[in-house]
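The values are calculated or read from the model by the stated rules, or taken from the named source; none is laboratory data. Source: prediction; values computed, not measured. We place every Cβ from the backbone using ideal geometry, glycine too, and count neighbours over all the protein chains shown. These accessible areas exclude ligands, DNA and RNA; they are computed on the full protein's heavy atoms, side chains included. Shrake-Rupley method; radii C 1.70, N 1.55, O 1.52, S 1.80 Å.
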Amino acid sequence: VRCWSNIPFITMPLSRAHGKSFAHRSELKHAKRIVVKLGSAVVTRGDECGLALGRLASIVEQVSMLQNQGREMMIVTSGAVAFGKQRLRHEILLSQSVRQALHSGQSQLKDVAIPVLEARACAAAGQSGLMALYEAMFTQYSICAAQILVTNLDFHDEQKRRNLNGTLHELLRMNIVPIINTNDAVVPPPEPNSDLQGVNVISVKDNDSLAARLAVEMKTDLLIVLSDVEGLFDSPPGSDDAKLIDIFYPGDQQSVTFGTKSRVGMGGMEAKVKAALWALQGGTSVVIANGTHPKISGHVITDIVEGKKVGTFFSEVKPAGPTVEQQGEMARAGGRTLAALQPEQRAEIIYHLADLLTDQREEILLANKKDLEEAENKGRRLALPLLKRLSLSTSKLNSLAIGLRQIAASSQDSVGRVIRRTRIAKDLDLEQVTVPIGVLLVIFESRPDCLPQVSALAIASGNGLLLKGGKEAAHSNQILHHLTQEALSIHGVKDAVQLVNTREEVEDLCRLDKLIDLIIPRGSSQLVRNIQKAAKGIPVMGHSEGICHVYVDTDASVEKVTRIIRDSKCEYPAACNALETLLIHRDLLRTPLFDQIIDMLRVEQVKIHAGPKFASYLTFSPSEVKSLRTEYGDLECCIEVVDGVQEAVEHIHKYGSSHTDVIITENEKTAEFFLQHVDSACVFWNASTRFSDGYRFGLGAEVGISTSRIHARGPVGIEGLLTTKWLLRGDNHVVSDFSEHGSMKYLHESLPLPQRNTN
């Protein structure tokens, strides 16, 4: 904890040797010293007369938050001219109005003409007010700010440069935020020089070059340049084909088309890029981003420091492989080619992948062994359930191969299947046919076996696929993806399945709404919730929790109860379809059956948590459950008491997650009531919750279990990865022919469907 003026604040362990810029966005969180450059368009209002106070307050809040984390923040700001213009216009209007009223002797005023205001005079009038505003805003966060005005000539005088450097270091040492601006009231025209010819030469022509110069002089880690554009584009922003450049490398200038400069201010985008490249050459990382967009301006600075994909990041290190945007485009093109193959060709790819899983077993298990050893030895020891998910074995690979062959066999008639035919009118026939969704993004944790499963389902359904696996399974994922691409290569569609190996954060992937059509998370409930929250305009298929119930009715069979409960809870407790809450009919308490259930759970070392009603029946009860909405994912479960099947259904609806719920009873009427009234994706009678699985359902495999109420629900196989399109075949038909006085009538006759291939 550091203190200044008796105000404590927490510092972060931020330090690095200056001299080389950060190579990746994810490293920006380690930036200690940061310069934020606020362009004129960011600071001023749309009418260019006065300041955008709300936007400015938000920026000050973000800078204050980073400052109080222990970072050293500096601001290079515009706005003095705009603020001065507002003040001078007000004074001129007031003065002319008073003179006009005295001269005419009337209260009716004529239109007052505003003379053209000289920029230096505006700067002189606005500088003090701008600084007073900054001081007032920073005071709200117990932070002191100090003003520094500079000109280009100050950097040509070695003594002045040393003085400026010393002043800035002293202010930063005292936890003061320097507010720096060119002294526009006296600034001379820029002198001709060898600008940008070397790391030691850049003239301060505007606040962009000033920010770059200060960033290098002060050995700053990060320079954030905020303007009124999103960043750099490969063509003029606003044009149809314009794409935001995520990472800009020195030498990429030829790929950028520079437009006009911003609506206010001295520097255009070309000036910003030149200044940014100069700073990058001096060892400072740079991000150019939009500081005016109402949806992001409230967190744009903190998002950049957290490493999120905002604006254009300048880097000297080019990645070895394609960017994730390029991978998305490759998956889109590859998926369309895949969908155009014959069903037999797609099946052949999957059969070949199944063979590779068994033929290359030793290489796969060797890679998996590396992952397990790293998980044990690198200090990031995984929980036992995650280690079980990470581990591959010969039996797992054999089961995978069997599942893939099931997918191949069932995929013959998936894409292009006609599901409805209607004769609209004579010679006008309509068909509804199945088609791929497009590009899928599947994010999975600690489950390398998920990769071939999901790949096979994507291939069978003709979808392009982006895969993002956890780093704990990196070696396993790499070889499994290599084998997948080897199988795809037999029909020239290698690019249809892409493994994202870049340092993309999951939240950034969820923003690629123009590249991705559906996100499928496979992992913990926290992962699913995070993705559902982060997804921007992209639907998410999955479930955030697997709170599965088993209800034991009074008419339950003694032989079936313990077998089903043991299998549901103990066979694989980390699975999302494992039992989490056991509901017992009240009449079964203190019966031999109840004792058998408890004894079995103790033998299996299952920790029991008592629900509120169950605890009230016991003198010495197990620990009372903290929440009835708990997914344990381990050898733990909750036991609760209900008065009957109706209360069991109500409990499931209140505390369940609509995943999988089971009734154990010999009473068919009671069972049917449960099956019809429980509103979950999977509802079973006298069967383990663990049957809720794509492989066990005969789907070959699943991309996940969906608790959504639209499109796909329950274990999602090939059918859940398809959508439909309408095909209309006519012969010179127009709608006007079907009007009241037209020559044609609608028939809307249902036509028989083509015979499905069941081989």
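Data table
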quantity: Cα pair distances exceeding 25 angstrom across segment 324-534, given as percent; calculated: 41 percent
quantity: Within straight-line cross-link reach of residue 745, aspartates and glutamates at Cα separation under 18 Å, skipping those fewer than 8 residues along the same chain; calculated: 427, 429, 731, 737
quantity: Ellipsoid semi-axes in whole angstrom, largest first, where each is sqrt(5λ) of the Cα gyration tensor of segment 684-728; calculated: 25, 12, 9
quantity: Modelled FRET efficiency - R0 51 Å, residue 388 with residue 731, Cβ distances, 0.05 increments; calculated: 0.25
quantity: Segment 324-534 - accessible surface per residue (Å², probe 1.4 Å); calculated: 40 Å²
quantity: Principal-axis tilt of helix 269-281 within the chain, Cα atoms, nearest 10 degrees; calculated: 80 degrees
quantity: Cα-derived Rg over Rh, computed across segment 549-702 with Rh taken as Kirkwood radius; calculated: 0.93
quantity: Within straight-line cross-link reach of residue 274, lysines at Cα separation under 17 Å, skipping those fewer than 8 residues along the same chain; calculated: 37, 205, 261
quantity: Listed values (i) 49.6; (ii) 32.3; (iii) 34.4, entry calculated as mean projected area of the Cα convex hull in nm²; calculated: (i)
quantity: Rounded tilt (10° steps) of 119-139 against the dominant C-alpha axis of the chain; calculated: 50 degrees
quantity: Highest to lowest packing among 362-372, 464-474, 703-713, scored as the average C-beta count within 10 Å; calculated: 464-474, 703-713, 362-372
quantity: Carbon and sulfur %, accessible surface of the chain computed with the full protein complex present, 1.4 Å; calculated: 51 percent
quantity: Residues of segment 393-432 with amide N under 18 Å of the 7 Å Cα→Cβ point at residue 738; calculated: 420-432
quantity: Neighbour cut-off at most 10 other Cβ (10 Å), DSSP loop, chymotrypsin sites (Phe, Trp or Tyr not before Pro), segment 284-371; calculated: none
quantity: Long-range HN-HN contacts of residue 225 with modeled amide H, under 5 Å; calculated: 37, 287, 288, 289
quantity: Approximate spin-label separation residue 420-residue 490, in nm, with each point projected 7 Å along Cα-to-Cβ; calculated: 3.7 nm
quantity: FRET efficiency, residue 607 to residue 361 (Cβ-Cβ, R0 35 Å, nearest 0.05); calculated: 0.45
quantity: Counting DSSP beta bridges with both ends in the chain, the antiparallel % (nearest 5); calculated: 30 percent
quantity: Theoretical gain in end-to-end length, residue 348 to residue 672 [0.36 nm per residue, Cα-Cα removed]; calculated: 112.4 nm
quantity: Relative compactness, segment 144-185, computed as alpha-carbon Rg over 2.2 N^0.38 Å; calculated: 1.17
quantity: Cβ crowding within 10 Å averaged over residues, with 722-730, 509-517, 490-498 ranked highest first; calculated: 490-498, 509-517, 722-730
quantity: Length gained when the stretch residue 65-residue 326 is fully extended (0.36 nm per residue, less Cα-Cα span); calculated: 90.4 nm
quantity: Length-normalised contact order of the chain in % [C-alpha pairs under 8 Å, at least 6 apart]; calculated: 11 percent
quantity: Reach of residue 533 by Cα under 24 Å, taken over lysines that are not fewer than 8 positions away in the same chain; calculated: 29, 295, 308, 309, 468, 471, 514, 654
quantity: Tilt relative to the chain, helix 343-359 - C-alpha long axis, 0 to 90 degrees, to 10; calculated: 90 degrees
quantity: Euclidean distance of C-alpha centroids, segment 442-498 and segment 272-299, integer Å; calculated: 36 Å
quantity: Difference of contour (0.36 nm per residue) and Cα-Cα distance, residue 376 to residue 121; calculated: 85.0 nm
quantity: Highest to lowest packing among 622-629, 452-459, 175-182, scored as the average C-beta count within 10 Å; calculated: 452-459, 175-182, 622-629
quantity: FRET efficiency, residue 595 to residue 532 (Cβ-Cβ, R0 45 Å, nearest 0.05); calculated: 0.60
